[in-house]
Amino acid sequence: MPTPNKSSFLSSSIYIFLLRFFPTAAFFISWVFLSRHLPLSDYGAYQSWWIYFLLFTSLAGIGLPSLLLTYHPGQIAFLFQQIKVRSIAYFGLLVLGLAVLCIYLQANTISNINPIWSLIFFISSVALLLAESYLIALKKIRLISCLSIVYSFLFVGLHLRMLQSGFDLQNLIPSLTLLMLVRLGIVWARVRLLQKNNSITIEALDIVQTRSLWMHLAIQDVLQYIFKWIDKVLVVALLSSTLTAIYFNGAIDIPFLPILLGAFTSAGLLYLAQVQSTDKQQHSIALLHKTGVLLNAMVMPLFLFLLFFAAPLFDLLFDHRYAASVPIFQWSILVLPLRAYGFTSILQHAHKGALINKGALLDLVIALALLYPLYRLMGLPGLAFSFVLSSYVQAAYYSIHTAKILQVKLIELFPLKLWLQQFLLSFAIIYVFKIGSWYFPCSISYLVLVASLSFLFNILFLWMKKTSIQ
C-alpha cells in the first residue's frame with residue numbers, strides 16, 4: 001500500500017471545498033436577491049422548485065459519493081469491474097423514478113413548468129454528482145474545482161439578468177439546464193480520458209463488506225435529508241404562511257459550513273485510505289486534532305459573530321422584514337460548534353455504517369420527541385433548539401464509539417486546550433466590536449470588518465502555534 005502524502009491533505013481539502021462552496025454560495029446570493037425583489041408568490045414558486053430538486057437529487061445518490069471516497073483508486077477500479085449491467089439498469093430506474101416523483105410534486109405547487117427541462121436538469125445533476133465524486137476519489141480535483149467557480153458566476157449572472165428583464169421561472173430552468181449540461185460534458189470528458197489512460201493497479205475488496213457499507217451509507221443519506229427537512233415540512237403543514245416564512249428565514253443553514261466539513265472529511269478519508277494499518281491509531285488521532293483545530297479557526301469566530309450580530313445582519317440582508325426570525329436563528333446556530341469536528345470520519349473509514357445510522361436515527365427520534373414540548377415552552381425558537389439538542393446527543397454517541405475503535409480515552413479525541421484558546425480569542429475580539437456597535441452604526445463595512453478580523457486573528461494564532469497539516 002502506498003505511503004500517504006501528507007502534503008496533499010490541505011490542498012485536497014481546499015479544492016474540494018471550492019468545488020462545493022461556490023455553487024452553494026451562488027444559490028445563496030441569488031436567493032437573497034430574489035427574496036428582496038420578487039413578489040412573494042414568484043419567490044415561493046422558485047424556492048419550492050429548488051427544495052424538491054435538492055431533496056430528491058440528494059436521495060438519488062444513495063450513498064455512492066461517500067462510498068467512493070472510502071477507498072483508494074485501486075480498490076475503486078476493482079469495484080467498477082464488479083458492476084453488472086443489471087445493477088446499472090436498476091440504478092437508472094431509481095433515478096428516473098425519483099425524478100418523476102420530484103417533477104410531480106413540483107407540478108402540484110408550480111403551474112406551467114415544462115417537465116422535460118426539469119427531467120433533464122435532474123438527471124444531469126445526479127450524473128455530475130457521481131462523476132465529480134469519482135474524480136475526487138482519484139484526486140483529480142483541480143479542473144472540476146475551477147469549473148465549479150466559472151459555473152457559479154454564470155449561475156448568479158443568469159439570475160441577475162432575469163431580474164432585470166422580468167423574472168420568469170419557466171425561462172430560467174432551460175437556461176440553467178443548458179449550463180448544467182455544458183459543465184457535465186466537460187467533467188464527463190475528463191472521466192473518459194482518465195479511463196482510457198488508466199494505469200491503476202487493481203486491488204481486491206471484500207464485496208460483501210463493501211455492499212454492507214454501501215447500504216448503510218444509503219440509509220444514512222435518507223435519514224440525513226429527512227432530518228434536514230422534517231421541521232420545515234411540519235411548519236408548512238401545521239402553521240400559517242406568515243409563521244412559515246419567519247421560521248424558514250430563521251432556521252436557514254449557514255451555506256458553506258457543511259461543505260467545509262465535507263471537504264475536510266473527504267480529504268481525511270482519502271488520506272486514511274493510504275495509511276498503513278500499523279500506524280492507523282496515531283494518524284487517526286492526529287488527523288482529528290489537526291482538522292478540528294483548522295475547522296474551529298473558521299467556525300468559532302463565525303459562530304460568535306452570528307450570535308452577537310444576528311439582528312443587524314438580518315436587518316441588512318432582508319431589509320428589516322424578518323426581525324421575528326432573529327431569535328430562531330440565534331437558537332439554531334448553537335449547533336455550529338459541532339461543525340468543527342468530523343464525528344463520523346473514523347467510523348466511516350472503519351466501515352461502521354451501522355453505528356453511523358444508529359446515531360442518525362437517534363438524532364431524529366430525539367429531535368421529534370423534543371419538538372412539541374420545546375415549541376410549547378419557547379415558541380418557534382423551540383423547534384430549532386430541539387434539533388440542536390439532538391445533534392449534541394448524536395455527537396456524544398459517535399465520540400464514545402470512535403474512542404472505543406481507536407482504543408483511547410474519550411477526552412483524547414479532542415484538542416480541548418487549543419479549542420478553548422480559540423474560543424477566548426474570538427470572544428474577546430467580537431465582544432469588543434459588539435461594544436463598539438453601541439456607538440457606531442452596524443453597516444455592511446462594519447460587519448465585514450468584525451468578521452474578517454476575528455478570522456484573521458485565528459489564522460495568525462494557528463501560525464504562531466505552528467498548527468497546520470503539511
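Structure above, values below:
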| read-out | value |
| --- | --- |
| Förster-model FRET efficiency, 30 Å R0, Ala354 and Tyr90, C-beta, rounded to 0.05 | 0.80 |
| Gain in span if fully extended, Gln209 to Lys139, counting 0.36 nm per residue against the direct Cα distance | 22.8 nm |
| Portion, in percent, of the accessible area of segment 59-137 that falls on carbon or sulfur, probe 1.4 Å | 70 |
| Amide hydrogen neighbours beyond the local backbone of Thr344, cut-off 5 Å, H modeled | none |
| Solvent-accessible area per residue for segment 349-420 (1.4 angstrom probe, square angstrom) | 50 |
| Area projected by the alpha carbon convex hull of segment 75-206, averaged over all directions, nm² | 9.8 |
| Size of charge dipole - segment 362-470 - debye, nearest 20, with Cβ of Lys, Arg +1 and Asp, Glu -1, no other charges | 240 |
| FRET efficiency estimate (nearest 0.05) - Cβ-Cβ, Arg161 to Val100, R0 25 angstrom | 0.25 |
| Per-residue HN-Hα couplings for segment 148-155 [Karplus 6.51, -1.76, 1.60; θ = phi - 60°; Hz; x = Gly/Pro] | 4, 5, 4, 4, 5, 5, 5, 4 |
| Residue-wise HN-Hα coupling along segment 163-170, computed from phi with Karplus coefficients 6.51, -1.76, 1.60 (Hz; x: Gly, Pro) | 5, 6, 8, x, 5, 8, 4, 4 |
| Tensor-based shape of segment 94-162 (alpha-carbon gyration tensor, a/c under 1.5 rounded, otherwise prolate or oblate) | oblate |
| Shape call, segment 143-215: gyration tensor on alpha carbons, a/c limit 1.5 | prolate |
| Rounded accessible area per residue of segment 52-110, 1.4 Å, Å² | 49 |
| Per-residue HN-Hα couplings for segment 281-290 [Karplus 6.51, -1.76, 1.60; θ = phi - 60°; Hz; x = Gly/Pro] | 4, 4, 5, 5, 5, 4, 5, 4, 5, 5 |
| Segment 47-125 - Rg and Dmax from Cα coordinates, angstrom | 15.3, 48 |
| Net lengthening on full extension, Val182/Leu368 (0.36 nm per residue, minus Cα-Cα) | 62.8 nm |
| Solvent-accessible area, 1.4 Å probe, carbon plus sulfur percent, for segment 145-185 | 66 |
| Shape of segment 373-455, Cα gyration tensor, a/c cut at 1.5 | oblate |
| Accessible area of segment 362-410 belonging to carbon and sulfur atoms, whole % at 1.4 Å probe | 70 |
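The values are calculated or read from the model by the stated rules, or taken from the named source; none is laboratory data. If you're wondering where the values come from, they're calculated on a predicted model, not measured in any experiment. Counting neighbours? That spans all protein chains shown, and the Cβs are built from the backbone with ideal geometry, glycine included. Remember, those area values only see protein heavy atoms, side chains included, never the ligands or the DNA or RNA. Shrake-Rupley method; radii C 1.70, N 1.55, O 1.52, S 1.80 Å.
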